[in-house]
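Each remark here refers to the structure printed beneath this line.
The values are calculated or read from the model by the stated rules, or taken from the named source; none is laboratory data. As the structure is a computational prediction, the values presented were derived from the model and not from experiment. Cβ: placed from backbone, ideal geometry, glycine included. Neighbour counts: every protein chain shown. Keep in mind that these areas ignore ligands, DNA and RNA; they rest on the heavy atoms of the full protein, side chains included. Shrake-Rupley method; radii C 1.70, N 1.55, O 1.52, S 1.80 Å.
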Amino acid sequence: MKKIIVIGASGTIGRAIVEQLGLRHEVISVGRSSGQYQVKIEDPASVQALFEKVGKVDGVVVAAGDAHFGALQEMTAEQFYIGLNSKLMGQVNVALAAQKYLNDGGSITLTSGSLSHNPIRYGTNASTVNAAVDGFVLGAAVEMPRGLRINSVSPTLVDESVDVYGPYFYGMETVPVKRAALAYSRSVEGAETGKTYRVW
């Protein structure tokens, strides 16, 4: 049994990850305002404080981070920074801190998304950030010490979120959230590193 932190545990995908990994492991649920512990991933000090409280773990999964959706012609730099500061640097903050608290052979799993390759209107910020997350994983994997692994999961829109985000994704096939959760299981419980598991 492994000890695994799931950040973003109360979200649609996060809940499915907790359910899947919880079948076999001890899962520590973390959220911005819910869960066993709270963290603001955009703040490196908050991330550091989380790991100091939890201590050594075998896996860290991040299914959190915001991006800005809006027309490119009207987008401001401040709006673009939402995705850079939250979904990109928030996850990078977690990965940087997690290295020191993972047991040998432990894993980090980040979340990108299908917009890195399948763009939509109003999704430029998300497309940029998702591709950057996958790029970070690719680069970081070759430098991980002690047999540590790092991967990303790139889900498309899940069935359970169609009511909210469906109008952005017309014509694109959605997937059940349980299928997305399996990719996180593969990252945590498998042997690969530097991979992006596409769920689309």
Subject >> Val142 paired with Glu192, simple spin-label distance in nm, labels 7 Å along Cα-to-beta-carbon >> reply: 1.9
Original post:
What whole-number value in Å² describes the accessible area per residue of region 80-120 for a 1.4 Å probe?
Top reply: 35
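Can you give me the accessible area per residue for region 129-200, using a 1.4 Å probe, in Å²? Mind dumping the intermediate values first?
Details: 3620 Å² over 72 residues.
Value for region 129-200: 50 Å² per residue.
How high is the relative contact order of the chain? Use alpha-carbon pairs under 8 Å, at least six apart in sequence, and give a whole percent. All intermediate terms of the calculation are to be shown ahead of the outcome.
Numbers: 410 pairs, mean separation 41.3, N = 200.
Normalised by residue count, the contact order of the chain is 21 percent.
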Original post:
With a sphere of radius 15 Å drawn around the Cβ of Arg146, what net charge do the other residues whose Cβ falls strictly inside it have (Lys, Arg +1; Asp, Glu -1)?
Top reply: 0
Original post:
Label-point separation (nm) for Asp159 and Gln79, each offset 7 Å from Cα along Cα-to-Cβ?
Top reply: 3.4
Original post:
Which residue, Tyr170, Tyr37, Tyr101, has the most motion in a Gaussian network model of the chain that connects Cα atoms within less than 10 Å?
Top reply: Tyr170
Original post:
Once both axes come from the Cα atoms, what is the angle between helix 12-21 and the longest principal axis of the chain, in degrees from 0 to 90, rounded to 10?
Top reply: 30
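When the accessible area of the chain is split by element with a 1.4 Å probe, what percent falls to carbon and sulfur?
Details: 5010 of 9470 Å².
The C+S portion of the solvent-accessible surface of the chain is 53 percent.
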Original post:
How far apart, in nm, are the 7 Å Cα→Cβ label points at Ala49 and Arg24?
Top reply: 3.5
Original post:
For region 106-149 and region 35-97, what is the separation of their Cα centres, given in Å?
Top reply: 13
Original post:
Largest first, how would Met75, Met172, Met1 line up by accessible area (1.4 Å probe)?
Top reply: Met1, Met172, Met75
Original post:
Can you pull the accessible area of Thr12 for me, 1.4 Å probe, Å² to the nearest 10?
Top reply: 50
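Holding the Cα-Cα limit at 21 Å, pick out from Lys2/Lys100; Lys3/Lys53; Lys40/Lys100; Lys87/Lys195; Lys2/Lys40 the pairs that are longer than that.
Those over the limit are Lys2/Lys40.
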